[in-house]
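The values are calculated or read from the model by the stated rules, or taken from the named source; none is laboratory data. From a predicted model like this one, the values you see are computed outputs, not experimental measurements. Cβ: placed from backbone, ideal geometry, glycine included. Neighbour counts: every protein chain shown. Surface accessibility is based on the protein's heavy atoms, side chains included, excluding ligands, DNA and RNA. Shrake-Rupley method; radii C 1.70, N 1.55, O 1.52, S 1.80 Å.
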Amino acid sequence: MRIAYFSPLPPQKSGIADYSATLLPSLAEMAEIDVFVDDNLLPQLPPHPSISIHSISSFRGPLDKKQHICIYQMGANVHYHDKIFQLLRRYPGITVLHDVNMNSFFGELYLMRGQITEYTRLMAYAYSEEGLSHARSAHRGETPYDTAKYLLIEPLIERSLGVIVHSHYAESLIRARRPGVSVKRIPLVTDIAFSSASAEEAKLQLGFEQSDLIIAAFGYISPTKRLEKLLSVSSMLRNKIPHIKLAIVGEAIDGYDLYTEIAALGLADITRVTGYVKESELRTYLAATDVGFNLRYPTIGESSATLVALMASAKPTLVSNVDAFVEYPDDACIKIDIGEHEEFQIASALNKLLSDAELRRQIGHNARRYVEFTCAPALVAQQYMEFVETVLNEIAPSKMKASLSSKR
Amino acid sequence: MTELQTIQTAEIDRSQNYHVTGQRERSIMELQQRACLTPRPLTSNTPVIGGFIAWFRNAWNSVSTQWYIAPLIQQQNEFNQGVVDELRALRDDMQSLHAELRIIASEQQELKQQTDKIADLVDVAGVGYIRIQELKQLLDEISDRLIANDRDVAALTHDLGKVTYAVIRLDEDLKRLDGALRS
């Protein structure tokens, strides 16, 4: 089996890049992989005899090098997925949809570049007259762009021979919109060897005290991560739990200022905002973490790679009880409801976890077990290959006539 | 022509006529001259005693009627002068009105020209509106076709993808078959 695989890769700062870097070695055990990356990118990927790296602009279609299938890793970040989308449109294959709301992607791809007609056309294609009217009305400023209602995943899934998503939530959403599409849920992948260093060693390595109790949040810092709630609760908890420390490991999105809030609440002495960190440092922070903070609301149906990394590191983690996060086992994470009791639930959960090492250990253990049985690279790669087989069987030459006529 | 326009035109004509002839001005001047009544001296044509008769009449008149007539004349003079003054005031008012009417008529003429232009524009806009409606309908039809076209392209690309992968597999199958036949 030969696969053409399209994805961002490290050092590109993208969760999907990390995802592919974790998955590819296992996938390469089962197939020959031609990885296509942005031109001039030198990906940080360990050499593998079955993996060859190519520039994305060199791709001439699967017939050229006889790849049996194309796999496109698609996310909402235009910088990393614009070219991938262009190829996906031209050469259908299997699309791995990491976000189930692509409106922001197309907004950035077309509207921000002044290509209003393209956006309108896409809306008309996906939602017929209703989409056309909405787009025109929004262009005229009569109504705001309804990005929550019009997900704009249809142009992607209708061009794809198969779609992979990471949650039942995303799977049911796609089935509801396009029942005929072949879709499979495959959990996020993560490197199970995350928690190699001990927490104490990691804390010392990062300049913390061994006795510090670290609550850590990972990934891009944005309002949807609910970090204001964490800060607010921490300002109350620090009197009761003197060793509490906050580690915010990631880069803030443009225009988002968390420092003002930190200063206003008098938390500068217990809070560390790291900015972007390399993978080795990220792993050290994961190891040093006592409780993970991975709330997210509103979501665009995405799954969280940082959550899976925390779980793989056997860390008890707080998650929002919404969308795809509902699917994680109740004993492997702590689910926080969105609403008026959110802060109370956060405070209660943190208080309990930070006061009870055994509880932390138990939930962390459950989390790691869950990840071992669902997110291990070899398991995920196996599911990829099974789905590839399913899709290829559906379009086998013997079934081709029926397959094509059913579409027309 | 509207009723107002008819009246205005007539007034303008009259106003112009008035100014050309000055008849009314002369009439007022005449009235002014005749406004003040003065008693004529009594005379007689009788020979020899005519002078006496005239003297006697005047004497008699001054004794018998002047005390009565003089106040009446005075009253009549005042009245006459009042009438002449009023007529002058009316004449002045009328001249002002005529001047205003000329301005209004001029403005109305401009308004009429503008109204005519607007009417022309409305006619053009009416035609344009119909054209826009036709174009909108055409645009909707093109839009519908474009959407249908996009869907066809998507479906064809989808099918082409399937065929491409099938061809790759067939090619491999053929090669395997060829190899098997050769061996």
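A few comments on the model shown:
- Going through (1) in contact with an Asp or Glu (Cβ under 9 Å, 6 or more places away or on another chain); (2) within 14 Å of chain A (Cβ to nearest Cβ) one by one, B:Asp173 falls short only on (1).
- A:Ala396 meets the conditions (1) at pLDDT below 95; (2) closer than 24 Å to A:Thr289 by Cβ; (3) among the hydrophobic types (A, V, I, L, M, F, W, C) in every case but one. The failed one is (2).
- Any hit, the range A:262-270, residues being at positive phi and under 21 Å from the mean Cα position of the chain (by Cα): no
- When the range B:130-140 is filtered for residues that are at pLDDT 90 or above and of a type in the set (Asp, Glu), only B:Glu134 remains.
- All conditions but one from (1) closer than 30 Å to B:Ser106 by Cβ; (2) open to solvent by 80 Å² or more (accessible area, probe 1.4 Å); (3) modelled with pLDDT of 80 or more apply to B:Ser27; the one that does not is (2).
- Out of B:Val122, B:Val163, B:Val83, sole residue that is assigned to a helix (DSSP H, G or I) and within 30 Å of B:Glu30 (Cβ to Cβ): B:Val83
- If the condition is being over 16 Å from A:Lys315 (Cα atoms) and touching a residue at least 12 places away in the same chain (Cβ under 8 Å), then the range A:347-378 contributes A:Ala347, A:Thr374, A:Ala376, A:Pro377, A:Ala378.
- Filter result (crowded, with 19+ Cβ neighbours inside 10 Å and of a type in the set (A, V, I, L, M, F, W, C)) within the range A:327-346: A:Ala332, A:Cys333, A:Ile334, A:Ile336, A:Ile346
- The helices (runs of 4 or more DSSP H) found wholly in the range A:286-376 and carrying at least 2 residues that are closer than 20 Å to A:Arg185 by Cα and of a type outside the set (Gly, Ala, Ser) occupy A:305-312, A:357-374.
- Residue tally, condition in contact with a strand residue (DSSP E or B) (Cβ under 6 Å, 6 or more places away or on another chain) and within 14 Å of chain B (Cβ to nearest Cβ), over the range A:32-61: 3
- In the range B:141-151, residue farthest from the chain's Cα centre (by Cα) [restricted to those that are of a type outside the set (A, V, I, L, M) and within 9 Å of chain A (Cβ to nearest Cβ)]: B:Arg151
- One residue stands out in the range A:212-244 among those that are among the hydroxyl-bearing types (Ser, Thr, Tyr), farther than 30 Å from A:Ser26 by Cα and in contact with a helix residue (DSSP H, G or I) (Cβ under 9 Å, 6 or more places away or on another chain): the one that is most open to solvent (accessible area, probe 1.4 Å), namely A:Ser232.
- Qualifying residue in the range A:68-77 (condition: away from chain B (no Cβ under 11 Å), open to solvent by 40 Å² or more (accessible area, probe 1.4 Å) and among the hydroxyl-bearing types (Ser, Thr, Tyr)): no
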